[in-house]
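Trainee: Here you go, one structure.
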């Protein structure tokens, strides 16, 4: 998997949150939001779709895991709180981004690789204050399974060199130890 660094802008979305083990909650969330879009013939707007993974499965009770299925808010779409479809903004910032092609079954292995082996080899730290995100680049209802494209986005901590940030020389900079 080729991984690059990107800055993602905060994006207004409509989302449906499901809580529980990811094996179940991911299907529930996408079933709810895609069913809602299809019932209203709103899928034709073709908004980008995002999966937002809020919790680490190894350190969170499986019954408390939160997953949001999201579609980009575009003209013609509006929230439906009575259906659990509400508005929010995805977090922006620096991310490592890898692209998977094929079945969605590869997503958890892709994230596992990026968050452990790859991040360690690159000497990077994951920003645990922001969620992992999936960006779905095509509609699985209209695309053959082997052509599904998903961007895996891992939030990266960035800590700039204070000298570069402040534009001062070393001798002018006083840093607390």
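Trainee: How high is the relative contact order of segment 18-84, in percent, with contacts defined as C-alpha pairs under 8 Å that are six or more residues apart?
Mentor: The normalised contact order for segment 18-84 reaches 42 percent.
Trainee: Now a separate question. Provide the packing ranking of 48-55, 134-141, 118-125, i.e. peptides ordered by the mean count of other C-beta atoms within 10 Å per residue, highest first. Don't skip to the end; give the middle numbers.
Mentor: Details: 48-55: 19.8, 134-141: 16.0, 118-125: 12.8.
The peptides rank, most packed first, as 48-55, 134-141, 118-125.
Trainee: Determine the gain in length on full extension of the stretch residue 108-residue 60; use 0.36 nm per residue of separation and subtract their C-alpha separation, reporting nm with one decimal. It would help to have the intermediate numbers written out before the result.
Mentor: Numbers: separation 48, 0.36 × 48 = 17.28 nm, distance 1.59 nm.
Between residue 108 and residue 60, full extension yields an extra 15.7 nm.
Trainee: While we're here: Given points 7 Å out from each Cα along the Cα-Cβ axis, report the residue 141 to residue 86 separation in nanometres with one decimal.
Mentor: Result for the modelled spin labels: 2.5 nm.
Trainee: 222 nm [θ] for the chain, helices only, -39500 (n - 2.57) per DSSP H run of 4+, per residue, to 500? Write down the numbers at each step before the final one.
Mentor: Working: 3 runs with 30 residues, N = 177.
Helix-only estimate at 222 nm: -5000 deg cm²/dmol.
Trainee: Against the longest principal axis of the chain, how steep is helix 22-39, in degrees 0 to 90 to the nearest 10, with axes from Cα atoms?
Mentor: 60 degrees
Trainee: Further question on the same structure: Sorted by average packing, counted as other Cβ atoms within 10 angstrom per residue and highest first, what order do 56-68, 27-39 take?
Mentor: Working: 56-68: 14.1, 27-39: 16.6.
Ranked by mean Cβ neighbours within 10 Å, highest first: 27-39, 56-68.
Trainee: Work out, in µm²/s and without decimals, the Stokes-Einstein translational diffusion coefficient of segment 3-172 at 10 °C, 1.306 mPa s, Rh from Kirkwood over C-alpha pairs.
Mentor: Translational D for this selection: 92 µm²/s.
Trainee: Just want to confirm a number: the relative contact order over the chain, from Cα pairs under 8 angstrom separated by 6+ residues, in percent.
Mentor: For the chain, the relative contact order is 27 percent.
Each reported figure results from applying straightforward, stated rules to the coordinates on display, with no laboratory input. Just so it is clear, the model here is predicted, and its values are computed rather than measured. Neighbour counts are summed over all protein chains in view; Cβ atoms, including those assigned to glycine, are modelled from backbone coordinates with ideal geometry.
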